[in-house]
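Undergrad: Got a structure here, written out as structure tokens. Questions coming.
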Amino acid sequence: MNPSPSAHHTVARHRLRAPSARLLNRLCAPLPILGLVLAILSIGIAGCAPGAVPLDADAVAPASSTTASSTAAPPADAPPAAAAAARGRVTSTVLGDPNAGFLRGMTVSCPRDGRIWGTSAMVRTLETLKPLGVDWVTVHPYGWVRRDGSVRFRPADEVPWMQGAIDHVRASGMGLFWKPHLGYWGSFEWRGTIEFDDERTWQYFFDQYTAWIVDQAKLAARNDVPLFSVGLEYTKTLHREDDWRRVIAAVRAVYPGLLTYSAHWEYLDQIAWWDALDWIGVQYYVPLVDYHDRRLPDRDTIRAAWAAPMAKLERMSKAHGGKPVVLTEIGYDLGPEAAREPWRVASRDNAANRALRRRLMEVAIEETADRSWLRGMFWWKWIPQRRGSRDFAMEDRDARAVLQQGWGRAAAADAGR
């Protein structure tokens, strides 16, 4: 089956370019000292030892990692789920209060590995984002899934740049959304095709996944991170309701904040376990306009196309007792197909494509405002010190200008009240 047209996660977007540490070690075996040096360097090249984040277009598998224990239960010292429920959903005023207003969010990704989150480049990024009206950021550390169902990762407390990211966001006064991703490169076509052939492997995968996501949730809990995603776009796993409920229960046992799942926009109705979560998360790469000529859609056409998807999300919120909705990702690349296939990577810098992207962003900001059931949106993506690929680059001058006009003014008005 061809991959679903999910967001930005097309096969072409995730070519492996850097050599693996395993290959380097094999090549360097006759030269122990040189082999050791190159193996160490390969970890930096490959980046993303689990828990770090690759630049998506250049993602590589970790050189070394910890495989999750097959026992997914939380440790004995973890607070029981009943106690967490009795305390209610903790929201931190230090790293943002999700219930205080609309979340004007940006996904801060990284070049090659997550180390940059712990550096001054992250500080400069946050300082740049705030005047644009961005008051929340997403950080998305990685684990790595394999065909055998194993999930490889480094424990979060052994990855200093994860804590560094949290500390920098805390110092900035912005809100933080923690959204762990499974890296699939080299094992699956994309994360929406992660599935297994037999029940034994399914159970092994969910045990492994639970151990990893609980480790991430513990880090978030220790730091009072107020919003956490238990998964995203794993569309071939959604029918495993009992397994997902066990995952959520294990996270609840160690994390008292708000939980969501970042669902592919086409598969929202296939999730039977929204009741176990606090918010409905949507990866919002909805096709807006189907056009087949050279004329790109105007603002009125784009605005009209938002009506049906927004109505559907509002109905979904009401059907789940008024559960809030958050657009966990939204983005448009700089290409002519952005309104028809917003997940497509097709960066071509010209006046027409810039004008289209500006219109799409402007309408998105307008159409998401003043909807009581919609709590926020997070743009994809901003990369500190970006080099190479410019796909979905929110650092571009036009994107900044739209944010400044749409969100920057709103933030200034809020500050003046």
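Undergrad: Hey, any hits in the stretch 341-354 for a residue that's modelled with pLDDT of 95 or more and β-branched (V, I, T)?
TA: No, because not a single residue in the stretch 341-354 is modelled with pLDDT of 95 or more and β-branched (V, I, T).
Undergrad: Name every residue in the stretch 286-303 that is more than 29 Å from the chain's Cα centre (by Cα), assigned to a loop (DSSP other than H, G, I, E, B) and modelled with pLDDT of 90 or more, in order of residue number.
TA: Of everything in the stretch 286-303, just one residue is more than 29 Å from the chain's Cα centre (by Cα), assigned to a loop (DSSP other than H, G, I, E, B) and modelled with pLDDT of 90 or more, namely D298.
Undergrad: Evaluate the following for Y204: is it part of a helix (DSSP H, G or I), touching a strand residue (DSSP E or B) at 6+ places or on another chain (Cβ under 6 Å) and either within 24 Å of L327 (Cα to Cα) or of a type in the set (F, W, Y) (or both)?
TA: no
Undergrad: Also, quick follow-up: Among the helices (runs of 4 or more DSSP H) contained in the stretch 315-417, which hold 2 or more residues that are under 26 Å from L258 (Cα atoms)?
TA: Filter on the stretch 315-417 gives 351-367, 409-416.
Undergrad: Among the residues of the stretch 146-203, what is the count of those that are among the hydrophobic types (A, V, I, L, M, F, W, C) and surrounded by fewer than 16 Cβ atoms within 10 Å (Cβ to Cβ)?
TA: 1
Undergrad: Of the residues that sit in the stretch 105-125 and are out of contact with any Gly (no Cβ under 9 Å at 6 or more places or on another chain) and of a type in the set (A, V, I, L, M), which one is nearest to R375 (Cα to Cα)?
TA: In this case the residue turns out to be M106.
Undergrad: Answer with yes or no whether Q283 is touching an Asp or Glu at 6+ places or on another chain (Cβ under 7 Å) and at pLDDT 95 or above.
TA: Considered against the rule, which asks whether it is touching an Asp or Glu at 6+ places or on another chain (Cβ under 7 Å) and at pLDDT 95 or above, Q283 comes out as yes.
Undergrad: Among the residues of the stretch 243-280 satisfying the criterion of being hydroxyl-bearing (S, T, Y) and more than 17 Å from G376 (Cα to Cα), which is surrounded by the most Cβ atoms within 10 Å (Cβ to Cβ)?
TA: Ranking the candidates gives Y255 first.
Undergrad: Please determine whether any residue of the stretch 115-133 is out of contact with any helix residue (DSSP H, G or I) (no Cβ under 6 Å at 6 or more places or on another chain) and closer than 20 Å to F228 by Cα.
TA: Checking the stretch 115-133: not a single residue is out of contact with any helix residue (DSSP H, G or I) (no Cβ under 6 Å at 6 or more places or on another chain) and closer than 20 Å to F228 by Cα.
Undergrad: Something else now. Tell me which residues, restricted to the stretch 122-145, are crowded, with 16+ Cβ neighbours inside 10 Å, farther than 16 Å from G175 by Cβ and either among the basic types (K, R) or in contact with a Pro (Cβ under 7 Å, 6 or more places away or on another chain) (or both).
TA: Matches in the stretch 122-145: P141, Y142, G143, W144.
Okay, residues lined up against (1) in contact with a Leu (Cβ under 9 Å, 6 or more places away or on another chain); (2) basic (K, R); (3) within 18 Å of D135 (Cα to Cα):
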{"site": "A346", "(1), (2), (3)": "yes, no, no"}
{"site": "R359", "(1), (2), (3)": "yes, yes, no"}
{"site": "I365", "(1), (2), (3)": "yes, no, yes"}
{"site": "S372", "(1), (2), (3)": "no, no, no"}
{"site": "D396", "(1), (2), (3)": "yes, no, no"}
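Undergrad: Limited to the stretch 86-116, what total is found for residues that are modelled with pLDDT under 95 and over 18 Å from A217 (Cα atoms)?
TA: Going through the stretch 86-116 one residue at a time, the tally reaches 12.
Undergrad: With R252, R303, R295, R245 as the choices, which residue is in contact (Cβ under 8 Å) with a residue 40 or more places away in the chain, among the charged types (D, E, K, R) and more than 30 Å from W161 (Cβ to Cβ)?
TA: It is R303.
Undergrad: If you scan the stretch 229-259, which residues turn out to be closer than 25 Å to F196 by Cβ, under 19 Å from the mean Cα position of the chain (by Cα) and not in a loop (DSSP other than H, G, I, E, B)?
TA: S229, V230, G231, L232, T235, K236, T237, W244, V247, I248, V251, L259 - these are the residues of the stretch 229-259 that are closer than 25 Å to F196 by Cβ, under 19 Å from the mean Cα position of the chain (by Cα) and not in a loop (DSSP other than H, G, I, E, B).
Undergrad: Within the stretch 268-288, work out how many residues are in contact (Cβ under 8 Å) with a residue 60 or more places away in the chain, aromatic (F, W, Y) and touching a helix residue (DSSP H, G or I) at 6+ places or on another chain (Cβ under 7 Å).
TA: Residues meeting the conditions: 2.
The values are calculated or read from the model by the stated rules, or taken from the named source; none is laboratory data. Note that this is a predicted model, so its numbers are computed, not measured. Positions of Cβ are backbone-derived with ideal geometry, glycine not excepted, and every protein chain shown enters the neighbour counts.
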